[in-house]
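The block underneath contains the structure these notes are about, expressed in structure tokens.
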Amino acid sequence: MAMMTDTAPEQGRSNHFLLHLMAALVLLALGGGYVIWEILQFGKVQFNTNNAGIHWGMAIVTYDYFLLTSTGLAMVASLWHVFGIKEFEPVARRALWLAMAGLMGGVVVLFLELGNPWIALWATPLNMQTSSPLFWKVLLVGAYAVSLGIVLLGMINKPDAGRNPLMMLVGLLALAVTLVAGLVYGMMAMRPVWFGGEVPVVFLIESFMGALAFTMFFSHLKNGFNHANMRPETRLLFEGTLARMFAISIGLHFILHAGRALTGLWSNAEGMQVWEYLVAQPLFHFALWGCVALPFVLMVLPATRSNGLMQILAAALVMIGLLISRYEFIIGGQMVPLFKGTWATDLLHYSPSNGEWALLVLAVGLANTVYAFAAWKLGAEDRA
Amino acid sequence: MPKWGMVIDLETCTGCQACTTACAMENNRLPGENWQDVLFYAEGEYPNLNLSWLPRPCMQCENPSCVSVCPTKATYKDEGTGVVLIDWNKCIGCKYCMIACPYGVRFYMDEAPIVEPDVREAFPASGRRSWNPPFKMPDEYEDASKGIGIQPKGVVSKCTFCYHKISQAPEGVADLDEDNPETREFTPACVRVCAPKSRFFGDLDNPDSHVNQLIAEKGGVRLKEETGNKPQVYYLSGGGSPVVPGSRSRRS
């Protein structure tokens, strides 16, 4: 009972989630409405990819961003459910619902982007193209979604149950999805910016870092961005273990990100000139210094680490920075045209269309709708 | 069973693009989306300027990366001809094959038009076809399971080596040559129209084929050997110049 007094009154929390749900539904309606209108009016040509060389655009950036955030969140929840790290118990339920929310947001965007998404549902599992990383990714994402759904159904039916042994499977699948998502890019020897065995590891670290940022941000959101409302054990987690894990993962991300940029700048290999372009862009420096280095400092210094406002700032910056990094990685890998004559520009230029921005709004809206509804009606935040 | 391959002699190719035009007519291509393209390379500055070109069909690789990455086996290697084909009934439009093809020879239907105005709007679709061009191959040639005909929406397409022609060739023939009345009708459109006769088409598994003789005698080479894709298109450059014009690094 003492713990309950540390949180906002039940009625207030319910209104808070309802407000969140309504705001999310507005985003969903705006983003989804615009996307559907464009598809009906013009078709998927509005998604702005082209035969000159940029085949995977902002839609795939959004999909991978949400998918990898989801798998990272499942891994965060696994810290309690699989490894029994008691400190993570207060955030495990929230992380799992956020994982489902992110997964749904990402998969819906992928379905809208694919040429024939319904064929993918049967043609992928039935044709067994085991040499394709995408075959494994589709299979693993499917298994991950089902197992995560079963765990969440169990939580709805038995809200007081403790650690769920099925989470071992969810955690393993989340890990596998993340690594295979890295292989989808890392195996492409013909794309020098992507190629490399380190890409799955980079994706794993980014996925985990993003998940910690989302856990931190949504925990504060649940408490109305008021640090004082937070339960003592959650506050302790955010100032201690989670903050340190967050700082370490941000540090590793910085090393890998800056390391790849430096390698690209140094290399004479054809294709790596993309890095010269990327590093010359203000967006790159905003992402690296503002969204990686600054949050790292905020999470390393004890004074800022224990400050609620600084935690929110660090989490928000990392969430934004990851989206920019994902964008630069996926688009940057396609900027050098493959085997075109000199009539093609040295580097292809790309900027997302209105339809692609609307896909992002749709994904954000849908993910927040799922989470807010779960918090409002399905007990996602009951013990958080 | 033959393993069809092509030899392109860069010493005699004039860059006239008759091959591109013939392919577009034969295979109902959208303007600008050339399955068989001629890439132009301009190097140097006036007065020391060199203009060169490279005809580039699909390489129909022996070990194609596009086939390896396709999650549904929609892209596959036809065992009877050695040609890489796409089954439009299974293509999900993920575009991974376009990402993985080192030669950039694949095209997605639902893209912004390369050439304006968009002819798809001028000739709107009927049925499964994504557009209804005024020029098109006879309906009986169309085969969605091999990526032949008018592309449906949401799928990827590519050069088929004119599969609808070469698959009808008499059994055991070593070369498909437009000068031979017996094989003329089965010769790919780009080979058949090549005015300077820079293109040769034959069975790479037949030691007596003219293409094999050309490869052996004139030192035929394949593009981007480092990828391990092993193209079935060979280039002859006389040995005095690089096969790919302008192949030096474009890094400034």
Practice problem: Obtain the radius of gyration and the Kirkwood radius of the range B:27-109 from its C-alpha atoms and give Rg over Rh. | Solution: 1.09
Quiz item: Under Stokes-Einstein, with the Kirkwood radius over Cα pairs standing in for Rh, what whole-number D in µm²/s applies to the range A:88-237 at 37 °C and 0.692 mPa s?
Solution: 188
Quiz item: Where the centroid of each part is defined by its Cα atoms, how far is the range A:242-309 from the range B:156-226 in Å?
Solution: 53
Quiz item: So how far apart, in nm, are the two label points at A:Val279 and A:Gln41 if each is 7 Å from Cα heading toward Cβ?
Solution: 4.2
Self-check item: Three principal axis lengths of the range A:60-106 [C-alpha, angstrom, descending]
Solution: 36, 14, 11
Practice problem: Taking the Cα centre of chain A as origin, work out the dipole magnitude from +1 charges on Lys and Arg Cβ and -1 charges on Asp and Glu Cβ, in debye rounded to 20. | Solution: 520
Self-check item: Rg/Rh ratio calculated on Cα atoms of the range A:154-213 (Kirkwood radius)
Solution: 1.19
Quiz prompt | Karplus (6.51, -1.76, 1.60) ³J(HN,Hα), θ = phi - 60°, over the range A:108-120, in Hz, Gly and Pro reported as x | solution = 4, 5, 4, 4, 6, 7, 4, x, 9, x, 6, 5, 4
Exercise. Set Lys and Arg Cβ to +1 and Asp and Glu Cβ to -1, take the dipole of the range A:255-371 about its Cα centre, and tell me which of A:Gly321, A:Val336, A:Leu301 lies farthest positive.
Key: A:Leu301
Exercise. Calculate, for A:Leu18 and B:Glu43, the FRET efficiency according to 1/(1 + (r/R0)^6) with r their C-beta to C-beta distance and R0 60 Å; round to the nearest 0.05.
Key: 0.35
Exercise. Between B:Ser145 and B:Glu217, with labels modelled 7 Å along Cα→Cβ, what's the label distance in nm to one decimal, could you check?
Key: 4.1
Self-check item: Within 10 Å of each Cβ in A:51-64, the average number of Cβ atoms from other chains
Solution: 3
Quiz prompt | the range B:1-40: Cα Rg divided by the 2.2 N^0.38 Å rule of thumb | solution = 1.34
Quiz item: How much length is gained if the chain between A:Asn226 and A:Leu265 is pulled fully straight, taking 0.36 nm per residue apart and subtracting their Cα-Cα distance, in nm to one decimal?
Solution: 9.7 nm
Self-check item: the range B:113-155 - convex hull of the alpha-carbon atoms, volume per residue in Å³
Solution: 87
Self-check item: Förster radius 60 Å - calculated FRET efficiency between B:Thr21 and A:Leu30 (Cβ-Cβ, nearest 0.05)
Solution: 0.80
Quiz item: Along the charge dipole of the protein assembly as shown, Cβ charges K/R +1 and D/E -1, which of A:Gly105, A:Ile248, A:Cys291 sits furthest on the positive end?
Solution: A:Ile248
Quiz prompt | Computed P(r) (all Cα pairs; the range B:77-122; 10 Å bins; percent) | solution = 19, 42, 31, 8
Practice problem: Bin width 10 Å, alpha-carbon pairs only: give the P(r) of the range B:99-252 as whole percents, running from 0 to the bin holding the largest distance. | Solution: 8, 28, 33, 24, 7, 0
Quiz item: Separation of the range A:310-348 and the range B:29-84 by C-alpha centroid, Å?
Solution: 26
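Within the set B:Lys90/B:Lys136; A:Lys137/B:Lys95; B:Lys77/B:Lys230, which residue pairs have Cα atoms separated by over 20 Å?
Among B:Lys90/B:Lys136; A:Lys137/B:Lys95; B:Lys77/B:Lys230, the Cα-Cα distance tops 20 Å for B:Lys90/B:Lys136.
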Quiz prompt | Amide H contacts under 5 Å for B:Asp37, placed H, 5+ residues apart | solution = B:Arg56
Quiz item: Label B:Glu171 and A:Lys86 with points 7 Å out from Cα along Cα→Cβ: what is the distance between them in nm?
Solution: 7.9
Quiz item: Mind checking the log10 I(q)/I(0) for the protein assembly as shown at q = 0.10, 0.11 Å⁻¹? Debye, one equal scatterer per Cα, no solvent, two decimals.
Solution: -0.92, -1.05
Practice problem: Would you list which lysines come within 27 Å of A:Lys222, measuring only between C-alpha atoms, while excluding same-chain residues fewer than 8 positions from it? | Solution: A:Lys86, A:Lys158, A:Lys377
Quiz item: Which aspartates and glutamates have a Cα less than 18 Å from the Cα of B:Lys3, not counting those fewer than 8 places away in the same chain?
Solution: B:Glu62, B:Asp78, B:Glu79, B:Glu171, B:Asp175, B:Asp177, B:Asp203, B:Asp205, B:Asp208
Exercise. Please sort A:114-125, B:141-152, B:92-103 by packing, taking for each peptide the average over its residues of neighbouring beta carbons within 10 angstrom, highest first.
Key: B:92-103, B:141-152, A:114-125
Practice problem: Return the FRET efficiency for the residue pair A:His349, A:Phe111: r is the Cβ-Cβ distance, R0 is 25 Å, and the value is rounded to the nearest 0.05. | Solution: 0.35
Quiz item: For the range B:34-73, what is the Kirkwood hydrodynamic radius in Å, using each pair of distinct C-alpha atoms?
Solution: 13.0
Quiz item: When the convex hull of the C-alpha atoms of the range A:294-373 is computed, what volume per residue in Å³ does it have?
Solution: 129
Exercise. Compute the normalised compactness of the range B:71-156: alpha-carbon radius of gyration over 2.2 N^0.38 Å, N being the residue count.
Key: 1.13
Self-check item: DSSP-assigned coil residues among chymotrypsin sites (Phe, Trp or Tyr not before Pro) in the range A:216-301, each with at most 16 further Cβ atoms within 10 Å
Solution: A:Phe225
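Values in this text are rule-based calculations from the coordinates and carry no lab data. Keep in mind that this is a model prediction, so the values were computed, not measured. Counting neighbours? That spans all protein chains shown, and the Cβs are built from the backbone with ideal geometry, glycine included.
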